[in-house]
């Protein structure tokens, strides 16, 4: 699972929740889970909103959409981190989930989700299930999420967690994400949460014409870029670099 973006102008300070926060992010208390973390979750959303404004020139996305904000408000991130990390679940930073993997920074989750333009009837492929957090956010927005994880214990934990939390529209499997999930293709969007040295051709082949893929590209120890891949109606592909990022590497036998 991706580590998310390195520290940049987007600050790490968590603003404490208040009525003003609710108005800023366009999310009401009724749209959040009543689990004792409402104020922390809404405060995190306010910070993510600031991140979008601060990186607008690079991303072309000056604001988080109401739909994505509401999805982040509903998903209980504390359920996707280790018990020892629960007090940091709503800090805008990546957190370790074991096996050398992390749950991505919430701002990066929001940005990658936005860049794929999720639609209610869409079918989305995720490479790198990790703890299942990104899959849960997508499941709030689209019809079907297919998610692949190469680390068997993480895949099993994520499957159990997503089922327990009621995300029935997420299918998971253990496998090498480089090759995608041909049986579930084609996909309206693909999100890759680990850095690859190049954009995998099998994933391009499984992307629908008109579809979008967001993927970090680069070496683990050198500069990585978050890359938006768009497949046009005639099947041609165009790419655009979005932001410098830092993700764990995409692993497998490819």
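Just so it is clear, none of the values below were taken in a lab; they were calculated from the coordinates. Here the structure is a predicted model, which is why all the values come from computation and not from measurement. Reconstructed Cβ throughout: ideal geometry from the backbone, glycine too, with neighbour counts over all protein chains shown.
In this simple spin-label model, placing a label point 7 Å from the Cα along the Cα-to-Cβ direction at both residue 198 and residue 230 gives a separation of 2.4 nm. For region 69-122 versus region 177-248, the spacing of their alpha-carbon centroids is 19 Å.
Compute the helix-to-body angle for 38-54: its Cα long axis versus the longest principal axis of the chain, expressed 0 to 90° and rounded to tens. That works out to roughly 60 degrees.
Which peptide among 127-134, 146-153 comes first, and what is the full order, when sorted by highest mean count of other Cβ atoms within 10 Å?
Values: 127-134: 28.0, 146-153: 20.6.
Highest to lowest by the protection proxy: 127-134, 146-153.
Would you mind calculating the relative contact order of region 171-216 from Cα pairs under 8 angstrom and at least 6 residues apart, reporting the percent as a whole number? Write out the running numbers ahead of the final one.
Details: 52 pairs, mean separation 21.4, N = 46.
It comes to 46 percent, rounded to a whole number.
Ranked by how many other Cβ atoms sit within 10 Å of their own Cβ, fewest first, the residues 247, 52 fall in the order 52, 247.
Please rank 179, 90, 99, fewest neighbouring Cβ atoms within 10 Å first, as an exposure proxy.
Ascending number of Cβ neighbours within 10 Å: 99, 179, 90.
Grab the beta carbon distance between residue 238 and residue 205, set R0 = 25 Å, and tell me the FRET efficiency rounded to 0.05. Write down the numbers at each step before the final one.
Values: r = 16 Å, r/R0 = 0.64.
Calculated transfer efficiency: 0.95.
Modelled spin labels at residue 220 and residue 143, positioned 7 Å past Cα toward Cβ, are 3.8 nm from each other.
Comparing 211, 156, 60 in a Gaussian network model of the chain (Cα springs below 10 Å), the most mobile by mean-square fluctuation is 60. Stretching the chain fully between residue 86 and residue 121 yields a gain of 9.3 nm (0.36 nm per residue, less the alpha carbon separation). Please list, in order, the residues from region 229-254 whose amide nitrogen is less than 17 Å from a point placed 7 Å along the Cα→Cβ vector of residue 99. It comes to 248-254, nothing else.
Can you give me the angle between helix 152-164 and the longest principal axis of the chain, using Cα atoms only, in degrees from 0 to 90, rounded to the nearest 10? It works out to around 50 degrees.
Percent antiparallel among DSSP beta bridges with both residues in the chain, to the nearest 5?
Values: 18 of 38 bridges.
Of the beta bridges lying entirely in the chain, close to 45 percent run antiparallel.
Once the Cα atoms are used to define both axes, helix 106-115 deviates from the longest principal axis of the chain by about 50 degrees.
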